[in-house]
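All of the numbers you see were taken from the coordinates with simple rules; none came from a lab. Remember, it's a predicted structure, so these values are computed and weren't measured experimentally. Reconstructed Cβ throughout: ideal geometry from the backbone, glycine too, with neighbour counts over all protein chains shown.
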Amino acid sequence: MNKDVYYFTEENSVEAVLSRIVDPKNTRLAEVMRSVIKHLHAIVKEVEPTYVEWEAAIEFLTATGKMCDDRRQEFILLSDVLGVSMLVDAINTRRPSGATENTVLGPFHVSGVPNREHGDTISQDGLGEPLYVYGRVTDPSGKPVAGAIVDTWQASHDGFYDNQKPDEKPEHNLRGIFITDENGAFWYRAVKPSHYGIPNDGPVGKMLEGLGRDNMRPAHIHYIVSAPGYETITTHLFDSKCPFLENDAVFGVKESLITEFEQNDDPEKAASIKMENPFWSVEANFVLSPLS
Ligand code: BEZ
Ligand code: FE
């Protein structure tokens, strides 16, 4: 072993640690950890933490781990508010222009949601302002994608998902899976989603508070849209009138995903789609890029 890095010093700290990785069984792990070590040491050298600050960092990570269970993933929330989730997403979803852009998945998606018929409502409790959602799934040339799976979930009028309030909200409230028809079309009834605060009762919330940062997410509807032969997209539709568009706590907003929610006062149309009048409507179009 090289004598210059045998004993640890402040100056050679990175080389001293890296020199112990000689013959890794997992070469990708070694590549990632070399980078982690390099950047961690750079942070420590830049920040020069006191012992108390180092302990606070350890306590923060410990509390973040303790907050995690089947229903709560505080580490993902941490990744979200640091912009890391969106960066990983951007790197992994470089698509040809014209395809719908991805955004953050978030922690509230569930599997096992019922398949629904076009025109069905996804609101199980009927609370909130009625919203009619209609749209099409196409390829980049505009050709309809029939049989695409449109998996949607959203917060209610009060800003909570059903799985955040399982004692208050019916299971699968404001969730549904739709299959596009021969024109690539789908349509359903929902309620207008509200902006909401991401969970702030854990260490991540405390950190945001300490930084003077907001925990709000602008009003949105989540979608995962997939079809054989196409790249799956995980995305949102954002309400163009929401006042929180510019300071989304998790950096999920992209200009191409901002959509107008229209107000309708049309009793005939409302009756034909089994909506109360007046009602909101939004067009939800998705462009899938073929797998290469
Ligand atoms: C969401 O949109 O459901 C979400 C995304 C990231 C963090 C928390 C919630
Ligand atoms: Fe959400």
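General observations
- Listed residue (Ser123, Thr138, Val150) projecting farthest to the positive dipole end of region 122-177, Cβ model: Thr138
- Across q = 0.09, 0.15, 0.21 Å⁻¹, region 90-226 modelled as identical point scatterers on its alpha-carbon atoms has Debye log10 I(q)/I(0) values of -0.32, -0.83, -1.30, in the order of the q list.
- Cross-link partners of Lys169 among aspartates and glutamates, defined as those whose alpha carbon lies under 17 angstrom from its own and excluding same-chain residues fewer than eight positions apart: Asp125, Glu129, Asp158.
- Dipole of the chain [Lys/Arg +1, Asp/Glu -1 at C-beta], most positive-end residue of Asn12, Ala219, His39: Asn12
- With the charge dipole of the chain set up from +1 on Lys and Arg Cβ and -1 on Asp and Glu Cβ about the Cα centre, the Cα lying farthest toward the positive end among the listed residues Phe178, Asn264, Pro243 is that of Phe178.
- For the pair Met207 and Leu40, a Förster radius of 30 Å applied to the C-beta separation gives a FRET efficiency near 0.95, rounded to the nearest 0.05.
- Calculated over the chain: convex hull of Cα atoms, volume per residue (Å³): 173 Å³
- Backbone phi angles across region 137-151, fed through the Karplus curve with coefficients 6.51, -1.76 and 1.60 (θ = phi - 60°), yield HN-Hα couplings of 10, 9, 8, x, 8, x, 6, x, 9, 7, x, 6, 9, 10, 9 Hz in residue order; Gly and Pro are listed as x.
- Springs join every pair of Cα atoms under 10 Å in this Gaussian network model of the chain, and among Ser85, Ser97, Ser156 the largest mean-square fluctuation is at Ser97.
- Sorted by Cβ density within 10 Å, fewest first, the residues Ile21, Ile233: Ile21, Ile233
- Here the chain is treated with +1 on each Lys and Arg Cβ and -1 on each Asp and Glu Cβ, and its dipole about the Cα centre works out to around 760 debye.
- Across Lys45/Lys254; Lys165/Lys192; Lys165/Lys206; Lys165/Lys254, pairs whose alpha-carbon gap is larger than 25 Å: Lys45/Lys254; Lys165/Lys254
- Counting only DSSP beta bridges with both residues in the chain, the antiparallel share comes to about 75 percent.
- In terms of other Cβ atoms within 10 Å, Leu288, Leu29, Leu257 run from fewest to most in the order Leu29, Leu257, Leu288.
- Computed about its Cα centre, the charge dipole of region 1-117 is approximately 540 debye, with only Lys, Arg, Asp and Glu carrying charge at their Cβ.
- Computed 3J(HN,Hα) for region 237-253, one whole-Hz value per residue from the Karplus formula 6.51 cos²θ - 1.76 cosθ + 1.60 where θ = phi - 60°, is 10, 9, 6, 4, 8, 6, x, 9, 4, 8, 9, 3, 4, 10, 6, x, 6, glycine and proline marked x.
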